[in-house]
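The values are calculated or read from the model by the stated rules, or taken from the named source; none is laboratory data. It should be emphasised that the depicted structure is a prediction, and the values quoted were computed from it without experimental measurement. Here the Cβ positions follow ideal geometry from the backbone for every residue, glycine too, while neighbour counts run over all protein chains shown.
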């Protein structure tokens, strides 16, 4: 059975993770598998994503975590990295987009990190993986081509998704109708999810996880008609829900510690941001507010209907 490598990343940096997966799998042909939660087919429709992640992390022998100034503060990244740390999995931080090895905070700073933009990165990462996986011979690959693809992925991950406009939409009636159907279904689920969160509060992990799963399923259902820019705009909201569900699960185990108290506070902050209930001394995150998502999608519907031929 091939060794498994787990790549942890935030949604916006999925292009980088998927390029790494492509080159690692092809370089070590059949000797390892690479799990990237955003890669098509890595989590099949209908599977319970929390359980799938747990199983993949349990089987991983190497853990790669993409570290940028944006990602290192995200609860999801810290949760997955903490799981790898506790399990004793070989963990390699991969710094990029302004994040350097020297500026990583504990516990990531205690690990031997690499910088994706550094010359020689492609050789360094493959050498490290070969050593950790017990593969005696380093593969011969086109390092220049791999580095070029990583540069393109880095650039893509730093782009800010534009507001919905007619230029993002196709003009055929079929595509316009499907796009409108996606927006309407997504809005309906967000509205229902808001009601559920108000009813059950932030501490029911299954309700929150079901909310996140349903949104992902809606995107998969309409994948052919949803533009990448739209998926990127919705990604932080979906990630906030997933992180909240995971962290609520974490608080159910172990003693009351300072770390557990920090998790409880973080869940409370995320919950208040999603429902737009202001808290003192909390930085605003409009991209995860449910009402902002609804407004964005309704604006998209108007744009789609405006592009349909009369």
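Couple of notes before you dig in:
- Considering only residues in segment 264-310 that are at pLDDT 90 or above and outside any helix (DSSP H, G or I), the one that is farthest from residue 198 (Cα to Cα) turns out to be 289.
- Residue match in segment 235-250 (condition: outside any helix (DSSP H, G or I) and closer than 30 Å to residue 181 by Cα): no
- Going through (1) in contact with a helix residue (DSSP H, G or I) (Cβ under 6 Å, 6 or more places away or on another chain); (2) at pLDDT 80 or above; (3) within 27 Å of residue 228 (Cα to Cα) one by one, residue 70 falls short only on (1).
- Members of segment 49-85 that are under 14 Å from the mean Cα position of the chain (by Cα), in a helix (DSSP H, G or I) and free of Cβ contacts under 8 Å to residues at least 60 places away in the same chain: 53, 78
- Checking each residue in segment 102-131 for being in a helix (DSSP H, G or I) and buried (at least 17 other Cβ atoms within 10 Å of the Cβ) picks out 108, 121, 122, 125, 126, 129, 130.
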